[in-house]
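First comes the structure, then the notes that go with it.
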Amino acid sequence: MDVDTRNMTPTNLIDKIVVPGDVVLDLTKMENQTIKLGSGLRQDCDCISVLQAGKLRLSKPNKYWVESSQKRYVPSLEDTVLGIVVEHRSDNFLVDIKAPNLAFLPVLAFEGGTRRNIPKFETGTLIYARVVKANGIMNPELSCTDASGKAAEFGQLKNGYMFETSTGLARMLLSSPTCPVLEALGKKISFETAVGFNGRVWVNASSPDDVILVSNAIMRSEFLSGTQQRIMAEKLLQRLEKV
Amino acid sequence: MEDRTDGRNANQLRPLGCSRTILNRAHGSARWSQGNTIVLAAVYGPKAGTKKGENPEKASFEVIWKPKTGQIGKQEREYEMILKRTLQSICLVNVHPNTTTSVIVQVVGDDGSLLPCAINASCAALVDAGIPMKHLAVSISCGLMEEGSIILDLTKSEEEKLKAFAYLVFPNSPLSVIDKVHSSKEEPIEHGIITSVSYGAMPVSGYFDCLERGRAASAAISEFLRRSLQKQSSEDASRAAQ
């Protein structure tokens, strides 16, 4: 049993499912190289070991990470997330983004925000924002403007329907080229969506039937391949046209 | 060698079963069964804030043990404490300081080896929730018979009859790209031990025999856990397509 694992080279674990404790890189064999570690990996003296179970990925030349899908979210810089306002303090909104800590959204972090025109968000308001500060220790900070200070679609999302998904499905919906299920639905229905990296999706369309159809199609598409997603979306669309 | 009541030989484990992501609302969940001993574990967290006596520079763990019947008493509190210490030692507590992760353990069936089954279930649930861990924990029960032989994975009737038995928790055997020959001067990680709970009086040699047998058997459980973690992702695809 032990003999098999002795002669594994790093390429053998790439694109394989790894569990916490697996050693994926031996740093003593790689000198004068810079490697970048993404989520799910940590450096343990002379080796890189796995923190979370998932698929090990390599993006050439030197970026390694573990792809896994969870119900909770670990904030990282420049992610766009959907948050729900929990409280309004004097200089921040406290926003829940499914992270270990509540996020702060400064009251002035809006386009043209001054002390005189502070938005009035009640508890329960859905906000589309961008993460501007995220380390493991402090509460993450959000902003409703892009890097140049413009509003750019950030802010409150009104009407529509929000549902929660895993982080893996959210990443798939945000991948480029466009996710097959969204493409297939977009050909027949006009709708708008906002997808947060933290596993929340908001859908809005002109009629409630369309909103329900799009939401169900997205929720079902998590583990399907591209072709299966298109077939599933077409079946759902046919049902609506019959009625 | 005496025959065991269910026909197993001394080194044979009961059939293992593991399924993950079975609870909708929990952030991570797992159900682990060893024969008729079945335990369901759910993980919530990390959530903000720590309890009063805990160190805010580390993540803290809270374990709630729910027995199948009856009120919560000292036995349950003891299990909670053992489980909490075990989980704290396998998880990385510096990644999310000032947070609390709750693990709720529900006993569905009890036919001996309850604590090892609960530890295995909690470990699988923590993996499901994506809590950062140093390695996995694999747990097994070993009993010492009258004449000095060891039996593994005890049932309830065997636990009641034996003079002494122990629950042992070992780290799992990791896959490694490092050539083990080069690092042979260090002990491999699976030679460590995380937790040991012993009941009854046994001689020192008997205890070390238990450790040896338990460690050897933990490799099989570790392999089973790895396979069930790998299989889960392909099963999800077929389950969702229905």
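The values are calculated or read from the model by the stated rules, or taken from the named source; none is laboratory data. All values derive from a computational prediction rather than experimental measurement. Please note: Cβ atoms are built from the backbone with ideal geometry, for glycine as well, and neighbour counts cover all protein chains shown. Side chains included, ligands, DNA and RNA excluded: accessible areas come from the protein's heavy atoms. Shrake-Rupley method; radii C 1.70, N 1.55, O 1.52, S 1.80 Å.
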Any chance the range B:166-182 includes a residue that's at pLDDT 90 or above, open to solvent by less than 60 Å² (accessible area, probe 1.4 Å), aromatic (Phe, Trp, Tyr) and touching a Ser or Thr at 6+ places or on another chain (Cβ under 6 Å)? yes
For B:Leu114, state whether it is open to solvent by less than 50 Å² (accessible area, probe 1.4 Å), closer than 15 Å to B:Lys156 by Cβ and touching a helix residue (DSSP H, G or I) at 6+ places or on another chain (Cβ under 9 Å). yes
Which fully enclosed strands (runs of 3 or more DSSP E) of the range B:63-154 have 3 or more residues being under 19 Å from A:Pro20 (Cβ atoms)? B:99-109, B:137-144
Being open to solvent by 40 Å² or more (accessible area, probe 1.4 Å) and modelled with pLDDT under 90 is the requirement here; does B:Lys156 meet it? no
Report, by residue number, each residue of the range B:86-109 that is within 13 Å of chain A (Cβ to nearest Cβ), among the β-branched types (Val, Ile, Thr) and open to solvent by 20 Å² or more (accessible area, probe 1.4 Å). B:Val93, B:Val95
Restricting attention to the range A:153-166, which residues are surrounded by 14 or more Cβ atoms within 10 Å (Cβ to Cβ) and within 25 Å of A:Glu222 (Cβ to Cβ)? A:Leu157, A:Gly160, A:Tyr161, A:Met162, A:Glu164, A:Thr165, A:Ser166
Looking at the range A:73-96, I want the residues that are under 10 Å from A:Ala129 (Cα atoms) and have a partner that is assigned to a loop (DSSP other than H, G, I, E, B) with Cβ atoms under 6 Å, at least 6 apart or on another chain. Which pairs are those? A:Asp79/A:Phe197; A:Val81/A:Ile97; A:Val81/A:Phe197; A:Val81/A:Asn198; A:Gly83/A:Ile97
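Given the criteria crowded, with 16+ Cβ neighbours inside 10 Å, modelled with pLDDT of 85 or more, within 13 Å of chain B (Cβ to nearest Cβ) and in contact with a Leu (Cβ under 6 Å, 6 or more places away or on another chain), does A:Tyr73 qualify?
Judged against the criteria, A:Tyr73 is not a match.
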Can you tell me which residues in the range B:16-51 are assigned to a loop (DSSP other than H, G, I, E, B), surrounded by fewer than 17 Cβ atoms within 10 Å (Cβ to Cβ) and in contact (Cβ under 8 Å) with a residue 24 or more places away in the chain? B:Asn36, B:Gly49, B:Lys51
B:Ala41 passes all but one of (1) within 17 Å of B:Ala129 (Cα to Cα); (2) within 12 Å of chain A (Cβ to nearest Cβ); which number fails? (2)
Would you be able to tell me the number of residues in the range A:115-152 that are open to solvent by 70 Å² or more (accessible area, probe 1.4 Å) and either aliphatic (A, V, I, L, M) or free of Cβ contacts under 8 Å to residues at least 40 places away in the same chain (or both)? 12
May I ask you to list the residues in the range A:19-29 that are more than 7 Å from chain B (Cβ to nearest Cβ) and either surrounded by fewer than 13 Cβ atoms within 10 Å (Cβ to Cβ) or under 20 Å from B:Leu229 (Cβ atoms) (or both)? A:Thr28
In this structure, does A:Val181 turn out to be hydrophobic (A, V, I, L, M, F, W, C) and either assigned to a helix (DSSP H, G or I) or on the phi > 0 side of the Ramachandran plot (or both)? yes
Using the structure shown, decide if A:Thr145 is assigned to a loop (DSSP other than H, G, I, E, B) and within 20 Å of A:Val85 (Cα to Cα). yes
Would you mind stating whether A:Asn12 is over 26 Å from B:Ala125 (Cα atoms), open to solvent by 50 Å² or more (accessible area, probe 1.4 Å) and assigned to a helix (DSSP H, G or I)? yes
Check on A:Leu37, in contact with a helix residue (DSSP H, G or I) (Cβ under 8 Å, 6 or more places away or on another chain) and over 17 Å from B:Leu126 (Cα atoms): no
Which of the residues that make up the range B:52-70 are farther than 18 Å from A:Pro140 by Cα and open to solvent by 60 Å² or more (accessible area, probe 1.4 Å)? B:Lys52, B:Gly53, B:Asn55, B:Lys66, B:Lys68, B:Thr69, B:Gly70
